[in-house]
Amino acid sequence: MKQKITDYLDEIYGGTFTATHLQKIVTRLESAKQLITQRRKKHWDESDVVLITYADQFHSNDLKPLPTFNQFYLQWLQSIFSHVHLLPFYPWSSDDGFSVIDYHQVASEAGEWQDIQQLGECSHLMFDFVCNHMSAKSEWFKNYLQQHPSFEDFFIAVDPQTDLSAVTRPRALPLLTPFQMDDNSTRHLWTTFSDDQIDLNYRSPEVLLAMVDVLLCYLEKGAEYVRLDAVGFMWKEPGTSCIHLEKTHLIIKLLRSIIDNVAPGTVIITETNVPHKDNIAYFGEGDDEAHMVYQFSLPPLVLHAVQKQNVEALCAWAQNLTLPSSNTTWFNFLASHDGIGLNPLRGLLPENEILALVEVLQQEGALVNWKNNPDGTRSPYEMNVTYMDALSRRESSDEERCARFILAHAILLSFPGVPAIYIQSILGSRNDYAGVEKLGYNRAINRKKYTSEEITTELNNKTTLRHAVYHQLSRLITLRCSHNEFHPDNDFTIDTVNSSVMCIQRSNADGNCLTGLFNVSEDIQHINITDLRGRDLISEVDILGNEITLRPWQVMWIK
């Protein structure tokens, strides 16, 4: 394993990674191995379901947000979620946590490491490794501006006359930002995402050493899943797209080797919100890069299916899902702290259909984020909307809203891979326009924070949408977790029954098969599948091989 690490370092850096650098990394790995005593789960299974949440999601009068969350989790969420993905809980200056000031600390306003340790005692933890950039307010960056010798190459200075027109831009913002140095000179620094998020320079061995130290710190603090945020942009080569470059993949291989060495069983998940074929490249050879990749095409395709009342595009895509090895799987989700990405639809749907979907969602109250293209045009790259409101119309009844929402999540829970559900989804949240107005950015529409008291009151009120969604979705998750056919690795087939109904079959090594039927339309559907017998786990009705009637947006899991 150490030889593999050395080989990757040599391939990335050549002679610039010296014997002194190598000794530092070896010493740090040995230290981590001594400190990491908690054994990781050997492999994923059908009981693994991830909750995605902010550390400061809930507030209370007498406790900080993290201990408040821990209390809420124990009461409402522990029975249905095995894993908790805590979005960046480090001190931060912008982007709701993704502009990190200090990688090694917990934001004091949220809580402390002890709170995270307590959460880890009743759940498996997932942390963000914000590896592409850090805050302009960080000590690392201040040291760089002050021209401290140890930080001289930590960030990427570029001559503003350099031709960077080929660089992939995820934002409609300048790529270079001018900063004044201690000697009054000006440097133009690489800022992929914003002028407060300064890209790290991985050409410097010192940056790699510092970031490996951060990663090992997270493993020592109990992270069992690690999300590599914006990882596709890590390595820069002017004159190229600066995304998905070979050395980015080599750095991921290096990190995978390090993790396998010090904390085997830890799962790496890459976050690359890009077209499907680029996304799956992060599996590498199946045993040397990511264990999981975010299934970014799933949220917009499920949304498209429900909005169009047509499953054909979703099925056509899903029929071609293949994994490189049994050591990899999908990280499936419908909603997250970000919006619904549109780039993962490109190549799967014609551009005019994507734009038509955007137009429909805008008419129903969704907000749009745009990106600049190299040719000077701009394209929509993200819809900002809760998944609840994305699926429904303004005039929909809560009953209809809930039915569509549960249908979509039944699809999520039926797919091969590990499902992840955003906190706003299990809470049945609607669009937060007041948050957008207050905070001034579109993504705030799906990031509302609550007092634990107000949410508890609504969840206990049987007349609320939150109550209906929480209980129905919790039941679906519990059913999934108790049936081995849903194991992430088990066989999966998907097909259309008609344009509005699809059939998913999951079968295990014992020959047991579970059949899911999904009606994405507002019409009653009569289905003839004569050899299908069993019991619908959801309605608890026996299926006798006769004509099956599906209500609008109804799901059946037949076993």
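Every read-out reported here was derived from the displayed coordinates using simple, explicitly stated rules and does not represent laboratory data. Bear in mind that the values here come from a model prediction, so they are computed numbers and not experimental data. Neighbour counts are summed over all protein chains in view; Cβ atoms, including those assigned to glycine, are modelled from backbone coordinates with ideal geometry.
Would you kindly state how much longer the chain becomes between K24 and E246 on full extension, computed as 0.36 nm times their sequence separation minus their alpha carbon distance, in nm to one decimal?
77.4 nm
Determine, from the Cβ-Cβ distance of A210 and S397 and an R0 of 56 Å, the FRET efficiency 1/(1 + (r/R0)^6), rounded to the nearest 0.05.
0.55
Within 10 Å of each residue's Cβ, count the other Cβ atoms and sort D45, D536 from fewest upward. Mind showing how you got there, number by number?
Working: D45 16, D536 19.
Fewest-to-most ranking of D45, D536: D45, D536.
Within a 10 angstrom radius of the beta carbon, how do M126, M134 rank from fewest other beta carbons to most?
Arranged by neighbour count, lowest to highest, M126, M134 become M126, M134.
About the Cα centre of region 491-558, what is the dipole size in debye to 20, counting +1 per Lys and Arg Cβ and -1 per Asp and Glu Cβ, all else neutral?
40 debye
Hey, can you grab everything whose amide H is under 5 Å from the amide H of M502? Only 5+ residues off in sequence or another chain; H modelled, so Pro and N-termini drop out.
Distant-sequence amide H within range of M502: V497, F518, V520.
Under a plain spin-label model, where a point goes 7 Å from the Cα along Cα-to-Cβ, how far apart in nm are E139 and Q105?
For E139 paired with Q105, the spin-label model returns 0.8 nm.
Using a 7 Å offset from the Cα along the Cα-to-Cβ direction at both T496 and S379, what is the distance between the two label points in nm, to one decimal?
Computed distance between label sites T496 and S379 equals 2.5 nm.
Using modelled backbone amide H atoms (1.01 Å from N, in-plane), which distant-in-sequence or interchain residues come within less than 5 Å of F155's amide H?
N201
What is the angle, in °, between the Cα long axis of helix 398-414 and the longest principal axis of the Cα atoms in the chain? Nearest 10 is fine, range 0 to 90.
Result, in degrees: 70.
Taking every DSSP beta bridge with both residues inside the chain, roughly what % is antiparallel (nearest 5)?
Working: 47 of 78 bridges.
Expressed as a percentage, antiparallel bridges in the chain total about 60.
List the aspartates and glutamates whose alpha-carbon lies under 18 Å from that of K41, not counting same-chain residues fewer than 8 positions away?
The reachable aspartates and glutamates, counting only those whose Cα sits under 18 Å from K41, are E121, E220, E224, D260, D287, D489.
Can you give the angle from 0 to 90° between the axis of helix 246-262 and the longest principal axis of the chain, with both taken from C-alpha atoms, to the nearest 10?
The answer is roughly 80 degrees.
Mind sorting T496, T248 by how few other Cβ atoms lie within 10 Å of their own Cβ, fewest first?
Result, fewest neighbours first: T496, T248.
Mind checking the angle between helix 465-481 and the chain's longest principal axis? C-alpha axes, 0 to 90 degrees, to the nearest 10.
90 degrees
Strictly over 26 Å apart at the Cα level, which of K236/K371; K277/K371; K137/K438; K277/K448; K253/K449; K277/K449 would you flag in this model?
The pairs that break the limit, which is 26 Å between Cα atoms, are K277/K448; K253/K449; K277/K449.
Rg/Rh for the chain: what does it come to with C-alpha atoms and Rh from Kirkwood? Could the numbers behind the result be given before it?
Details: Rg = 23.7 Å, Rh = 24.6 Å.
Computed over Cα atoms, the ratio is 0.96.
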